[in-house]
Amino acid sequence: MPRFAANLTMLFDDLPFLDRFAAARAAGFTAVEYLFPYDYAPGELLARLRHHGLKQVLHNLPAGNWAVGDRGIACDPRRVQEFRDGIERAIRYAHALDCPQLNCLAGKLPAGVSPQEANATLVDNLRHAARELGRAGLRLLVEPINAYDIPGFFLTRTDQALAVIDQVGADNLLLQYDVYHAQRSEGELAATLERHLPRIGHIQVADNPGRHEPGTGEINYPFLFHRLDELGWSGWIGCEYKPAGTTVQGLGWMEACQ
């Protein structure tokens, strides 16, 4: 059975963020991920990780102003310096939290920018980020996101993201494969995992429709988890879903999917 990490941005959302670490450990998780650590001092987060015996497996690079609708800035040619300024900060947090990898959100296609210019900007930014993270001993991920949930998002399909990764040409740049986003954008989940697993650095899960717990929708998660075991997946799987009720009440899916 795969190893699951609680996404603290989405799970235990009835609690203040810093209280979610204890709740995750009490629910049986030994690892966590979340979107951004930057609202908190690294030491404050590290204290919770250590106190509760948790490993942090992922967070994102700074992604612009989330509150006003930014969902990443890596494809925006007008914000290259802002993107690159965030890399040093992200590395500092990753080292403080012993987090081995960082995810880059490409962002929405900016108004007035052609897809070709956005792609070139994304490739240049990822090449720079991969170089800086490589020097720091970290892996860089890039994630396709479906255009239904985030209209206008630039990277929406696995093949598009892999083409960008090929253009960057960095050994430490891998794909973040979110099963929910992939189901909405393209399907072919098992075949895609089988074909590209060596190029995948992290997997996230939620069901469709609704983005709730595995087992609440159309995706055959018992089959997928069994296939990942057969393929030898040894990485973490992030539980990035919206609980249909309370987080704890919904965790029965883990046993049901065995």
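So the values come out like this:
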| quantity | calculated |
| --- | --- |
| Two-decimal log10 I(q)/I(0) for the chain, as the Debye equation yields it once each C-alpha is a single scatterer, q = 0.11, 0.17 Å⁻¹ | -0.57, -1.44 |
| Percent carbon-and-sulfur accessible area, the chain, ignoring ligands, DNA and RNA, probe 1.4 Å | 49 |
| Viscosity 1.567 mPa s, 4 °C: Kirkwood-radius Stokes-Einstein D of the stretch 67-134 over Cα pairs, µm²/s | 103 |
| Size of electric dipole in the chain: Cβ of Lys, Arg +1 and of Asp, Glu -1, about Cα centre, debye, nearest 20 | 520 |
| Highest-fluctuation residue, ARG195, ARG84, ARG184 considered, GNM on the chain with Cα pairs under 10 Å | ARG195 |
| Accessible area of the chain divided out per residue, in Å², using a probe of 1.4 angstrom | 43 |
| Cα→Cβ-extended label distance, 7 Å offset, between ASP85 and ALA67, nm | 1.7 |
| Assigned charges on the beta-carbon of Lys, Arg, Asp, Glu; the stretch 185-245 dipole about Cα centre (debye) | 160 |
| Furthest towards positive pole of dipole, CYS104, MET1, ALA147, structure part the chain, Cβ charges | CYS104 |
| Inter-label distance, nm, simple model (7 Å from Cα along the C-beta direction), ALA120/ASP159 | 2.5 |
| TRP233 - accessible surface, heavy atoms, 1.4 Å probe, Å² rounded to 10 | 40 |
| Dipole in debye (nearest 20) - the stretch 144-258, about Cα centre, beta carbon charges: Lys, Arg +1; Asp, Glu -1 | 160 |
| Of all DSSP beta bridges in the chain, antiparallel share, percent nearest 5 | 5 |
| Interchain or long-range residues, amide H under 5 Å from ILE237's placed H | ARG3, PHE4, ALA5 |
| Label-point separation, ARG195 to ARG50 (7 Å along Cα→Cβ), nm | 4.6 |
| Stretch gain in nm, segment ALA26-ASP13, where the contour uses 0.36 nm per residue and the Cα spacing is subtracted | 3.2 nm |
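The values are calculated or read from the model by the stated rules, or taken from the named source; none is laboratory data. Keep in mind the model is a prediction, meaning the values are calculated, not measured. Neighbour counts are summed over all protein chains in view; Cβ atoms, including those assigned to glycine, are modelled from backbone coordinates with ideal geometry. Remember, those area values only see protein heavy atoms, side chains included, never the ligands or the DNA or RNA. Shrake-Rupley method; radii C 1.70, N 1.55, O 1.52, S 1.80 Å.
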